[in-house]
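Beneath this line is the structure, given in structure tokens, with notes to follow.
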Amino acid sequence: MKSWSHPAVPSLAGTGPIPELFDTATGTLKRACSTAHASLYVCGITPYDATHLGHAATYLAYDTLVRVWLDAGKDVRYVQNITDVDDPLLERAAATGVDWRELAASQVDLFRSDMQHLRVIPPQHYVGVTEVIDDVADAVARLLQAGVAYRVPSEDADDDLYFDSAAAASVAWSLGSESGLDRETMMRLSAERGGDPERAGKRDPLDPLLWRAERAGEPAWDSVLGRGRPGWHIECAVIALDRHDETITVNGGGSDLIFPHHEFSAGHVAALTGEPLAEIYSHTGMVAYQGEKMSKSLGNLVLVSRLVAAGVDPRAIRLALLSEHYRSDWEWTDAHVRRANVRLSSWSDWAADCDAVDADPKVATLRETLSHDLDTPRALEQIDAHVAAGQPATRALVDAIDALLGIRLV
């Protein structure tokens, strides 16, 4: 599946430091990449509604990581999926009377537009689940053969297939090793986030679905497992394995994916390969609006596309999102746009008198700040102080603001 156009990114003199990133699994900062290349897998959208600012904040966080890696001279391999067949998509399509494929296609197009407006560097591989059905089925068949998957009878279909968490436990993964959560919390989150702990016939209530046998009125594909469609977590595991040839550097997404999604994606990869999915499990905070987490189910959404349509400069949207640390939970208000517009105007006026100097010690400061767990709020404040102090705008620093923060000023 095609992604979106790559924004122009200026080349900077020299190289920046390799970033340190917070790892959810260990609760520590880790050096993100010790080899010649850096690899990233970020969970993409389920395309049943438009991109809200919670989504945008996540993709901007990993866009910042990609930019810092590129500046450090790394060969970056970036993969993102699209969950273009899933229960929420099918339910929305049925409720609106739209074919699920048309709904998915329209929302993926809107997502591409939003990412392009925000100047997000696209992944090299942008993969829809419907493109890898056979690969997922083959992987599930391997798990079944290895004894880490099992059949659960269904009253209205052939057997569904589930992952055996206990049988899959190993040095590379055991239940809770990625999330660090206790069982009571995992049970609650499983019920809230697409799991089915009450399903009869499972060996452990937390065991996740690998393959859903065909039901009447639902999309299904022929496979080595019979007709059906993939479960959620195995999709990302298979796409990550297929597009990366080794343990990936960073597996990223929103903090609402820590459990069950990333927990079991890691478990599936470990069961298939004997190796961990990632060196670092990275998660962004949740964005609230009007007192509650911004979510499609609640409908309390602030949409990138609507802000742009209302005349908000996409650079201001980007600055507003970068003003909050990517790991923080925070609440969006209209003041974010107002402050971002003031900042953008101030920076633009400053950059209008940019000279041709191609070296500036402030570039090293910006690089260092961003290398510490992508500290974009501090980076913005440092530039504010530089501008307010009447320091000259050099081509080197203006280009660094573009290359590292994605804000083109001239």
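A quick yes/no check of all residues on (1) in the same structural domain as Gly254 (by TED's automatic domain parsing); (2) in contact with a helix residue (DSSP H, G or I) (Cβ under 8 Å, 6 or more places away or on another chain):
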residue: Pro276; (1), (2): yes, yes
residue: Gly291; (1), (2): no, no
residue: Met294; (1), (2): no, yes
residue: Leu298; (1), (2): no, no
residue: Gly311; (1), (2): no, no
residue: Ala316; (1), (2): no, yes
residue: Ala320; (1), (2): no, yes
residue: Ser323; (1), (2): no, yes
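Residues being over 24 Å from Gly27 (Cβ atoms), of a type in the set (A, V, I, L, M, F, W, C) and crowded, with 21+ Cβ neighbours inside 10 Å: count how many of those fall in the stretch 177-212.
Of the residues in the stretch 177-212, 3 are over 24 Å from Gly27 (Cβ atoms), of a type in the set (A, V, I, L, M, F, W, C) and crowded, with 21+ Cβ neighbours inside 10 Å.
Output the residues belonging to the stretch 23-49 that are touching a Ser or Thr at 6+ places or on another chain (Cβ under 8 Å), more than 25 Å from Gly194 (Cβ to Cβ) and modelled with pLDDT of 95 or more.
Hits for the stretch 23-49 are Ala32, Ala38, Ser39.
I'm told Ala403 meets every condition in (1) closer than 19 Å to Leu322 by Cα; (2) exposed (fewer than 14 other Cβ atoms within 10 Å of the Cβ) except one. Can you identify the failing condition by its number?
(2)
Of the numbered conditions (1) outside any helix (DSSP H, G or I); (2) buried (at least 20 other Cβ atoms within 10 Å of the Cβ), Ala240 fails exactly one; give the number of that condition.
(1)
Yes or no: the stretch 99-107 includes at least one residue that is closer than 23 Å to Arg229 by Cβ and buried (at least 23 other Cβ atoms within 10 Å of the Cβ).
Of the stretch 99-107, the ones closer than 23 Å to Arg229 by Cβ are 99-107.
Within this subset, residues satisfying the condition of being buried (at least 23 other Cβ atoms within 10 Å of the Cβ) are 104.
Scanning the stretch 99-107 turns up at least one residue that is closer than 23 Å to Arg229 by Cβ and buried (at least 23 other Cβ atoms within 10 Å of the Cβ).
Considering every residue within the stretch 125-145, establish whether at least one is among the hydrophobic types (A, V, I, L, M, F, W, C), under 14 Å from Ser3 (Cβ atoms) and touching a residue at least 12 places away in the same chain (Cβ under 8 Å).
Just the residues of the stretch 125-145 that are among the hydrophobic types (A, V, I, L, M, F, W, C), to begin with: 127, 129, 132-133, 136-137, 139-141, 143-144.
Within this subset, residues satisfying the condition of being under 14 Å from Ser3 (Cβ atoms) are 127.
Those left that are additionally touching a residue at least 12 places away in the same chain (Cβ under 8 Å): 127.
Yes, there is a match, as at least one residue in the stretch 125-145 is among the hydrophobic types (A, V, I, L, M, F, W, C), under 14 Å from Ser3 (Cβ atoms) and touching a residue at least 12 places away in the same chain (Cβ under 8 Å).
Across the stretch 109-153, which residue is farthest from Ala237 (Cα to Cα) among those that are of a type in the set (Ser, Thr, Tyr) and in contact with a strand residue (DSSP E or B) (Cβ under 9 Å, 6 or more places away or on another chain)?
Just the residues of the stretch 109-153 that are of a type in the set (Ser, Thr, Tyr), to begin with: 113, 126, 130, 150.
Right, trim to in contact with a strand residue (DSSP E or B) (Cβ under 9 Å, 6 or more places away or on another chain) and you get 126, 130, 150.
Values: Tyr126: 14, Thr130: 14, Tyr150: 18 Å.
Taking the candidates together, the pick is Tyr150.
The values are calculated or read from the model by the stated rules, or taken from the named source; none is laboratory data. Not measured: the values here are computed from a predicted model. Methodologically, a virtual Cβ is constructed for each residue, glycine included, from the backbone with ideal geometry; neighbour enumeration extends over all protein chains shown.
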